[in-house]
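Inspection log for the structure reproduced underneath, given as structure tokens.
The values are calculated or read from the model by the stated rules, or taken from the named source; none is laboratory data. Just so it is clear, the structure is predicted and the values come from calculations on it, not from any experiment. Backbone-built Cβ (ideal geometry, glycine too); neighbour counts: all protein chains shown.
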Amino acid sequence: VQLVESGGGLVQAGGSLRLSCAASGMIFISNDMAWYRQAPGKQRELVAEITKPGSTNYADSVKGRFTISRDNAKNTVNLQMNSLKPDDTAVYYCAARDIWGSYWGQGTQVTVFS
């Protein structure tokens, strides 16, 4: 299984970024997908998740600003991040979960400056 994130970068507060995660070596439609993040000195936390049928769940801190989506034809999951804040600065990880286990990408850095 391989999860490869892209789209991170440096952005000013109030701006937007779109993260993408390309999955391979797995049956994508059999996986719930999620984005996590980890800021320096903090624990990794769930940002957003999308189930196999497409139900979504968000951390309170990002509700109304972030949108998770999946494209089962392209084996990708995306995270559209709007109205970014300095507190959103973190390494963002793509994650997948099926009946056999959980899988993680290597992460992409998002830095929001004021």
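Below are the figures for this structure:
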| read-out | value |
| --- | --- |
| Scope the range 71-85; condition in a strand (DSSP E or B) and either over 15 Å from Gln2 (Cα atoms) or of a type in the set (S, T, N, Q) (or both); matching residues | Asp71, Thr76, Asn78, Leu79, Gln80, Met81 |
| Candidate set from the range 91-114 (those that are within 11 Å of the chain's Cα centre (by Cα), part of a strand (DSSP E or B) and of a type in the set (Gly, Ala, Ser)); member that is nearest to Ser16 (Cα to Cα) | Ala95 |
| Residues that are charged (D, E, K, R) and within 13 Å of the chain's Cα centre (by Cα), drawn from the range 66-90 | Arg70, Asp88 |
| Selection count, the range 56-114, where residues are exposed (fewer than 14 other Cβ atoms within 10 Å of the Cβ), of a type in the set (A, V, I, L, M) and at pLDDT 95 or above | 1 |
| Positions within the range 57-70 being out of contact with any helix residue (DSSP H, G or I) (no Cβ under 9 Å at 6 or more places or on another chain), of a type outside the set (Val, Ile, Thr) and assigned to a strand (DSSP E or B), in sequence order | Asn57, Tyr58, Ser69 |
| Residue match in the range 17-28 (condition: in contact (Cβ under 8 Å) with a residue 12 or more places away in the chain and more than 28 Å from Ile99 (Cα to Cα)) | yes |
| Residue in the range 86-95 that is under 14 Å from Gly7 (Cβ atoms) and aromatic (Phe, Trp, Tyr) present | yes |
| Some residue of the range 44-62 being of a type in the set (Asp, Glu) and in contact (Cβ under 8 Å) with a residue 60 or more places away in the chain | no |
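Residue by residue, here is whether (1) closer than 19 Å to Leu10 by Cβ; (2) among the polar types (S, T, N, Q) holds:
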site: Glu45; (1), (2): no, no
site: Tyr58; (1), (2): no, no
site: Phe66; (1), (2): yes, no
site: Lys74; (1), (2): no, no
site: Ala90; (1), (2): yes, no
site: Gln109; (1), (2): yes, yes
site: Ser114; (1), (2): yes, yes
